[in-house]
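Everything below concerns the one structure shown next.
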Amino acid sequence: MRILLTLLFLALLVLGVWTFTDAHNHAWWLPPNVSSYGGDIDRLFYLILWMVGFFFVLTEGLLVWCVFNFGRKRTTKADFTHGHHKLELVWTAVPGLLLLVITFTQMQTWAKVKFKSNFPDVKPICEVWASQFDWRMRYPGDDGKFGTVDDIENPFEFVVPVNEPILFNLRSRDVIHSFFVPYLRLKQDAMPGMVIPVWFQVEKEGSYDLVCAELCGWGHYKMAGRLKVVSRAAYDAWLKKSKEEMNSNGSEDKS
Amino acid sequence: MSQATAIPAHDPVRQGAHGHAHDDAAAHHHPIYDYDSGPPVDRAKFAIWLFLATEVMFFTGLIGTYLVLRIGTSSWPNPENRLAVPITAANTFLLITSSWTMVRALHAIHNGSQKGLIRWLGCTILGGATFVSVQVFEYLELIHHGSLPSVDIFWSTFYAMTGFHGLHVVVGVIWLIAIWISAVRGKFTPQNYLRVELAGLYWHFVDLVWVLLFTIVYLM
Amino acid sequence: MRDASSTAHAAHAAALHPGLGAPGTVHEIHEHHEIGFLRKYVFSTDHKVIGIQFMFTGLVFFLLGGLMAMAIRWQLAWPWTEMPVVGRVLFPNTGRVISPEFYTMLFTMHGTIMIFFVIIPLLTGAFGNFLIPLMIGAPDMAFPKLNMFGYWAMIPAILCVLMSFALEGGGPAAGWTAYPPLSTIEKAAPGSMHGQTFWLLALTFVGASSMMGAVNYVTTIVKMRAPGLTMMRLPLSIWGLFIAALLQLFALPVLTAASIMQVLDRVLHTGFFTPTNLLVNQMTPESAGAAAGGQPLLWQHLFWFYSHPAVYIMVVPAMGFASDILSTHARKPLFGYKPMVYSIMAIAGLGFIVWGHHMFMSGMNPALGMTFMVSTILIALPSCVKVFNWLATLWGSRIHLTSAMLNALAFVAMFIIGGLSGIWMASTPVDIYIHDTYIVVAHFHYVVFAGSVFAIFGAIYHWFPKMFGRQMNETLGKIHFVGSFIFTNCVFYMMHQIGIAGLMRRTADPYAYDVYAHLQPLNQFISISAFCLFAWQIFFVVNLFHSIFWGKRVGRNPWNACSLEWEAPSPPGHGNFDKKLTVHRGPYEYGTPEVAEDYLPQARSI
Ligand code: HEA
Ligand code: HEA
Ligand code: CUA
Ligand SMILES: [Cu+2]
């Protein structure tokens, strides 16, 4: 019985180690990163994974050993002790230090991604509007202003040039949504009543899933969008084309 | 640790406890061991203080909300243009006075004057009742002029803040009336007026909150 | 002055001369008269009966919440496929499949029920009521009637929460976090018309119940301890319940205020949480005659100001139970009693300044986010102290692998996992990626299900003899444990992987996205494990009911435990103790050399 139960707790330890070492083989793991700061985030993710992994193995290991060794039937009494000052100090101080390390290693990246002071000084490329249950990207027209007649409304697809810092304003028309692109390691809630500037830089062309990560109603699960990253040239071409379409539509309306 | 504490044997709470103790006494014949520990405060009073602590947190939530919304709103209307400040000021004075009469009531019974207790309690109840009536009147006026909670954030917060306080005053008045009835029945003696004290604590708290609310909602 | 007779006299004196005090009064009881079934079991003011009432209420809701979890798992494994058997009954008009609206209601109610109607009632309601007077040597709670009202306040809560599900237009669908405007603007969630309102009322009633309980617990623990039982001689279960009660006293009123404001937003169309110029279904709230100019973020602050402390309310008593069970069944004093007590205090204290860690992505000022990160990571320290003290308690001990012990060990093993994943989320940059993914779901199920619920199982096995005078069947207990342990980890461990793959929570059908498509097989594995986990609980249910009636009868102290509750008869009669208690030492004197046996009860004088 004791052996069986020891194995049971051991299994947990093994499961823990196995999943985290093997998961990527099944793609049960971080999707490839394509953003400029995603790498830092992943590094921090692994840093913490190693640290807590260490404590996981240590503590679970001790537990398994205790069940195995002290679960034996014995006639003698247990060690009679009420505590140990030095030990208490050790297991307060050591993790304390590690935690401090974790804390401070985080700050820089957080500031880099979210602090306005660290935003690239480029004009917002577009206004991303979230609403039940779709994404609308509003690019400024020639006047470079949002909310004017010559704005370009592009549903579903968020087209941006590659290898350039992109700044955009995230807004919500109705309830709270969340702009989440797993490949970018980027997430930001869209809060109604707020205009939230967000920045990123993609280093690989392609089209990536844009999902809504905040419950926004029954259609939350299908509030899909797309981040389309293209070369500068292709981007300009696309912008030009859509502007022309806009104007032609406009003229048709007039006639 | 468990030190000797003077508990009036007729302390309402303990009577509650014993009352039921006797009911279910059935099968068991052994005595019931009921010890006392901790600070030399009566249990009921201790509990009331805890309860008031929760009330403090409740109003912290409300007032916090008010301040956040008010600071967050660029053009908050000037209360004077929307509310009858002088009337409410008078009303506030009335409520503060009722706190004073409450103190007098306690004094009276402490010095063994049943009459004093009844009289001063009566004054306190009157004060509270008048306060509420004036507030109801104020509400009716405002609603009559179409100032409903759903009009804008000013009115939303106004009704929530004053309304919840109003409810507390109503509860206080009912509580005091109960006390007053027992007082008329001569239930209180200089040794035993804990229930008056408890109601008093609550009443003072309610007044205190109002002074705060009046300042931030009407004057600020 | 301490022995029964003299105090008895004191009491009588007190009765004769009002004003005279008595140190620990004793009341002779002579009259005999039977009391009816109703007074005894339904409208009882006896803390033991009320505790057991809470326990069964909690367990029934556990079943309900569990069933909802199964429905959730069905949808996540086989989206939009006909549910076997129940599908026909439940959703005749949606083609026997779960509709997206219904899915949102499912996890909303699942979360709400599990937290407010299962874990909190079981921990503070059931065990708080049952254990506190017994473990401090008191005859009952300080205010038995208030205690009864505490339970009866659950009834309207239950009615409201069940109604909110049944009402036309369907139940609440804004998640258990009820973020506005989704929760406040009816048009935003066409499903939950009155549902959300009743949900909020239910929360308010539960709050009222918890408040009455908390006031009672704190007063009782401070004012009614047996002679010699100093605060620093209290068992950790009592410390856990004490701190949890304080948390409720100071955090809950804020949620109550917030919920009422949300009710006002819904019913009187005030604008506390409604920002200006929204456009929901082509309509602005203003044009619909509602006030605006409020702030949705405000709700999140108020909600988490309560709900973060609430998560510690859900674990601190569990930690206490685990500590007591570990020490008792390991026959060794709890390692580092004082650090254990102080760490509970620290967790509770810090718990009040970390709520922002749920809002890192909400648009809250990122600088503020950073301060919340610091306080949140700090809170790992006291938990760390606890974990290592538990392990040190086991070191050099004589572990008896009883069902209670196994569940307590499992609590430690799995709380560690849940806690460690907390560090990921506490660190803001990583949380950018994992916020609202299944890592969060894995995290809190590890602390709350794998943690607290296993501690509750342990507590039931451990204190069942005191509750019913009989012992639960050990064999069934072990079978129940082994299966539950295996399946729990199959279910929740794999959720980490899904979360790391980026799958966000609260999604009815993630496989439409090509990022997530490949996760379906893993989700199916999780779901099957979940069904097994659920089915496996039959061993617990059978054991529970069988043991109540036919379990092995036991005496006062079947575990040879030290704390006071074991001095009372099993089950204790009215007034709990049939002898006068004086406490001479702490609650964990196991394996002491002072006596021949391997334990020295608190109340035994030598
Ligand atoms: C019992 C309930 C419980 C408990 C105890 C905890 C404990 C902790 N929780 Fe958890 N949490 C929840 C219940 C709980 N949580 C719930 C329900 C949610 C989701 C709400 C929702 O959105 O629906 C949540 C969400 C949640 C978030 C938000 C995630 C997001 O939405 O993005 C965060 C972020 O910081 C967090 C952090 C923590 C931390 C740091 C702890 C710490 O207290 C953990 C401390 C413990 C340990 C660290 C392990 C033991 C220690 C050691 C083995 C020593 C060595 C360790 C180190 C040195 C690191 N939790
Ligand atoms: C607090 C406690 C708690 C508990 C115990 C559980 C238990 C479980 N939970 Fe839950 N869960 C939450 C709290 C809890 N959950 C919360 C707060 C959320 C977030 C909601 C939201 O997003 O708003 C959530 C969300 C949530 C999700 C995410 C949904 C989504 O985001 O789309 C999932 C998905 O798998 C899930 C699954 C499960 C499963 C499989 C269990 C299983 O462990 C359940 C197994 C059930 C049993 C074992 C019960 C058996 C019954 C008995 C033993 C009692 C016996 C009865 C008598 C004697 C009468 N839960
Ligand atoms: Cu939009 Cu979820
Ligand atoms: Cu939290």
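The values are calculated or read from the model by the stated rules, or taken from the named source; none is laboratory data. Just so you know, these numbers come straight off a predicted model, no measurement behind them. Neighbour counts run over all protein chains shown; Cβ positions are idealised from the backbone, glycine included.
Give me the residue from the stretch C:281-328 that is within 16 Å of ligand 3 (Cβ to nearest atom) and either surrounded by 23 or more Cβ atoms within 10 Å (Cβ to Cβ) or at pLDDT 95 or above (or both) and, out of that set, farthest from B:SER74 (Cα to Cα). Outline the logic, then answer.
First pass over the stretch C:281-328, keeping only residues within 16 Å of ligand 3 (Cβ to nearest atom): C:281, C:296, C:300.
Still in the running and either surrounded by 23 or more Cβ atoms within 10 Å (Cβ to Cβ) or at pLDDT 95 or above (or both): C:296, C:300.
Values: C:PRO296: 17, C:GLN300: 22 Å.
Going through the qualifying residues, I end up with C:GLN300.
I'd like to verify a number: residues in the stretch B:59-71 that are buried (at least 16 other Cβ atoms within 10 Å of the Cβ) and free of Cβ contacts under 8 Å to residues at least 60 places away in the same chain, how many?
Our first condition is that a residue be buried (at least 16 other Cβ atoms within 10 Å of the Cβ); within the stretch B:59-71, this holds for B:59, B:61-66, B:68-69.
Then drop every residue that is not free of Cβ contacts under 8 Å to residues at least 60 places away in the same chain, which leaves B:61, B:64, B:68.
Total meeting the criteria: 3.
What number of residues in the stretch C:348-384 are more than 9 Å from every other protein chain (Cβ to nearest Cβ) and either among the aromatic types (Phe, Trp, Tyr) or near ligand 4 (Cβ under 10 Å from one of its atoms) (or both)?
Total meeting the criteria: 10.
Looking at (1) away from ligand 1 (no atom under 16 Å from the Cβ); (2) at the interface with another protein chain (Cβ under 9 Å from one of its Cβ atoms); (3) buried (at least 17 other Cβ atoms within 10 Å of the Cβ); (4) part of a loop (DSSP other than H, G, I, E, B), which is the only condition C:CYS562 fails?
Among (1) away from ligand 1 (no atom under 16 Å from the Cβ); (2) at the interface with another protein chain (Cβ under 9 Å from one of its Cβ atoms); (3) buried (at least 17 other Cβ atoms within 10 Å of the Cβ); (4) part of a loop (DSSP other than H, G, I, E, B), the lone unmet condition for C:CYS562 is (2).
From the list C:HIS584, C:HIS574, which one is outside any helix (DSSP H, G or I), within 14 Å of chain B (Cβ to nearest Cβ) and under 19 Å from C:PRO235 (Cβ atoms)?
On the way: C:HIS574 fails: under 19 Å from C:PRO235 (Cβ atoms).
Step by step, each of C:HIS584, C:HIS574 is checked, and only C:HIS584 is outside any helix (DSSP H, G or I), within 14 Å of chain B (Cβ to nearest Cβ) and under 19 Å from C:PRO235 (Cβ atoms).
How many residues are away from ligand 1 (no atom under 16 Å from the Cβ), β-branched (Val, Ile, Thr) and in a helix (DSSP H, G or I) if we restrict to the stretch C:494-537?
Looking only at that region, the number is 2.
Residue by residue, here is whether (1) under 18 Å from the mean Cα position of the chain (by Cα); (2) away from ligand 2 (no atom under 16 Å from the Cβ); (3) over 22 Å from C:CYS490 (Cα atoms) holds:
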| site | (1), (2), (3) |
| --- | --- |
| A:THR19 | no, yes, no |
| A:TRP28 | yes, no, no |
| A:SER36 | yes, yes, yes |
| A:PHE55 | no, yes, no |
| A:VAL90 | no, yes, yes |
| A:VAL113 | yes, yes, yes |
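Table: residues versus (1) at pLDDT 95 or above; (2) at the interface with chain C (Cβ under 8 Å from one of its Cβ atoms).
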residue	(1), (2)
B:PRO39	no, yes
B:MET57	yes, yes
B:THR60	yes, yes
B:ILE71	no, no
B:PRO77	no, no
B:ASN91	yes, no
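Looking only at the stretch A:148-204, filter to residues that are closer than 21 Å to A:LYS243 by Cβ and polar (S, T, N, Q); which one of those is farthest from the chain's Cα centre (by Cα)?
Top of the filtered list is A:THR148.
Just the residues that are at pLDDT 95 or above, under 28 Å from C:ARG470 (Cβ atoms) and either hydroxyl-bearing (Ser, Thr, Tyr) or surrounded by fewer than 22 Cβ atoms within 10 Å (Cβ to Cβ) (or both), please, taken from the stretch C:570-588.
Within the stretch C:570-588, C:TYR588 is the sole residue that qualifies.
Just one of the numbered conditions (1) aliphatic (A, V, I, L, M); (2) within 20 Å of the chain's Cα centre (by Cα); (3) farther than 23 Å from A:LEU167 by Cα is not true of A:ALA130; which one?
(3)
Only one of C:VAL430, C:VAL440, C:VAL447, C:VAL491 is in a helix (DSSP H, G or I), crowded, with 21+ Cβ neighbours inside 10 Å and at the interface with chain A (Cβ under 7 Å from one of its Cβ atoms). Can you tell me which?
Details: C:VAL440 fails: at the interface with chain A (Cβ under 7 Å from one of its Cβ atoms); C:VAL447 fails: at the interface with chain A (Cβ under 7 Å from one of its Cβ atoms); C:VAL491 fails: at the interface with chain A (Cβ under 7 Å from one of its Cβ atoms).
Checking each option against the conditions leaves just C:VAL430.
Does A:LEU63 fit the bill of being facing chain C (nearest Cβ under 7 Å), outside any loop (DSSP other than H, G, I, E, B) and within 28 Å of A:VAL198 (Cβ to Cβ)?
Values: facing chain C (nearest Cβ under 7 Å): yes; outside any loop (DSSP other than H, G, I, E, B): yes; within 28 Å of A:VAL198 (Cβ to Cβ): no.
No, not satisfied.
Output the residues belonging to the stretch C:450-479 that are polar (S, T, N, Q), over 30 Å from C:MET373 (Cα atoms) and either within 16 Å of ligand 4 (Cβ to nearest atom) or outside any helix (DSSP H, G or I) (or both).
Residues of the stretch C:450-479 that are polar (S, T, N, Q), as a first pass: C:452, C:471, C:473, C:475.
In the following step, the residues that additionally are over 30 Å from C:MET373 (Cα atoms) were identified as C:471, C:473, C:475.
Result: C:GLN471, C:ASN473.
Select from the stretch A:71-91 the residues that are assigned to a helix (DSSP H, G or I) and in contact with a helix residue (DSSP H, G or I) (Cβ under 6 Å, 6 or more places away or on another chain) and write down the one among them that is farthest from ligand 1 (Cβ to nearest atom).
My answer is A:GLU88.
Pairs needed: first member in the stretch C:271-294, facing another protein chain (nearest Cβ under 7 Å); second member anywhere, of a type in the set (Lys, Arg); C-beta distance under 9 Å; at least 6 residues apart or different chains.
Qualifying pairs under 9 Å: C:LEU278/A:ARG173; C:LEU279/A:ARG173; C:VAL280/A:ARG173; C:VAL280/C:LYS187.
Here are the criteria: (1) surrounded by fewer than 22 Cβ atoms within 10 Å (Cβ to Cβ); (2) in contact (Cβ under 8 Å) with a residue 40 or more places away in the chain. Tell me which single one C:ILE353 does not satisfy.
C:ILE353 satisfies every listed condition except (2).
In the stretch C:295-335, what residues are more than 13 Å from chain B (Cβ to nearest Cβ) and either without any contact (Cβ under 8 Å) to a residue 12 or more places away in the chain or among the hydroxyl-bearing types (Ser, Thr, Tyr) (or both)?
Step one: list which residues in the stretch C:295-335 are more than 13 Å from chain B (Cβ to nearest Cβ), which gives C:307-308, C:310-335.
Residues satisfying the conditions are C:SER307, C:TYR312, C:SER323, C:SER327, C:THR328.
Out of A:ARG232, A:ARG226, A:ARG171, which single residue is under 23 Å from C:ALA501 (Cα atoms) and among the charged types (D, E, K, R)?
Numbers: A:ARG232 fails: under 23 Å from C:ALA501 (Cα atoms); A:ARG171 fails: under 23 Å from C:ALA501 (Cα atoms).
Going through A:ARG232, A:ARG226, A:ARG171 in turn, just one is under 23 Å from C:ALA501 (Cα atoms) and among the charged types (D, E, K, R): A:ARG226.
Could you tell me whether the stretch A:39-53 includes any residue that is crowded, with 18+ Cβ neighbours inside 10 Å, closer than 21 Å to C:PHE411 by Cα and charged (D, E, K, R)?
Looking for residues that are crowded, with 18+ Cβ neighbours inside 10 Å, closer than 21 Å to C:PHE411 by Cα and charged (D, E, K, R), one finds none in the stretch A:39-53, hence no.
Please find, among C:LEU76, C:LEU63, the residue that is within 30 Å of C:PHE525 (Cα to Cα), more than 14 Å from chain B (Cβ to nearest Cβ) and surrounded by fewer than 19 Cβ atoms within 10 Å (Cβ to Cβ). Before the answer, list the steps.
Working: C:LEU76 fails: surrounded by fewer than 19 Cβ atoms within 10 Å (Cβ to Cβ).
Selected residue: C:LEU63, the only one of C:LEU76, C:LEU63 that is within 30 Å of C:PHE525 (Cα to Cα), more than 14 Å from chain B (Cβ to nearest Cβ) and surrounded by fewer than 19 Cβ atoms within 10 Å (Cβ to Cβ).
Output yes when any residue across the stretch A:92-104 is touching an Asp or Glu at 6+ places or on another chain (Cβ under 6 Å), away from ligand 4 (no atom under 16 Å from the Cβ) and in a helix (DSSP H, G or I), and no when none is.
Looking through the stretch A:92-104, none of the residues is touching an Asp or Glu at 6+ places or on another chain (Cβ under 6 Å), away from ligand 4 (no atom under 16 Å from the Cβ) and in a helix (DSSP H, G or I).
Among the residues in the stretch A:140-162, are any of a type in the set (D, E, K, R), within 12 Å of another protein chain (Cβ to nearest Cβ) and surrounded by fewer than 22 Cβ atoms within 10 Å (Cβ to Cβ)? Give the steps one after another, and end with the answer.
Taking the stretch A:140-162 first, the residues of a type in the set (D, E, K, R) are A:142-143, A:145, A:150-151, A:153, A:157.
When the remaining residues are screened for being within 12 Å of another protein chain (Cβ to nearest Cβ), the result is none.
Looking through the stretch A:140-162, none of the residues is of a type in the set (D, E, K, R), within 12 Å of another protein chain (Cβ to nearest Cβ) and surrounded by fewer than 22 Cβ atoms within 10 Å (Cβ to Cβ).
If you scan the stretch A:191-207, which residues turn out to be assigned to a strand (DSSP E or B) and either within 8 Å of chain C (Cβ to nearest Cβ) or on the phi > 0 side of the Ramachandran plot (or both)?
Passing the criteria: A:ILE196, A:GLY206.
Evaluate the following for C:LEU182: is it within 14 Å of chain A (Cβ to nearest Cβ), under 30 Å from A:MET194 (Cβ atoms) and either within 16 Å of ligand 1 (Cβ to nearest atom) or of a type outside the set (S, T, N, Q) (or both)? Show your work before the answer.
Values: within 14 Å of chain A (Cβ to nearest Cβ): yes; under 30 Å from A:MET194 (Cβ atoms): yes; either within 16 Å of ligand 1 (Cβ to nearest atom) or of a type outside the set (S, T, N, Q) (or both): yes.
Yes: the conditions hold for C:LEU182.
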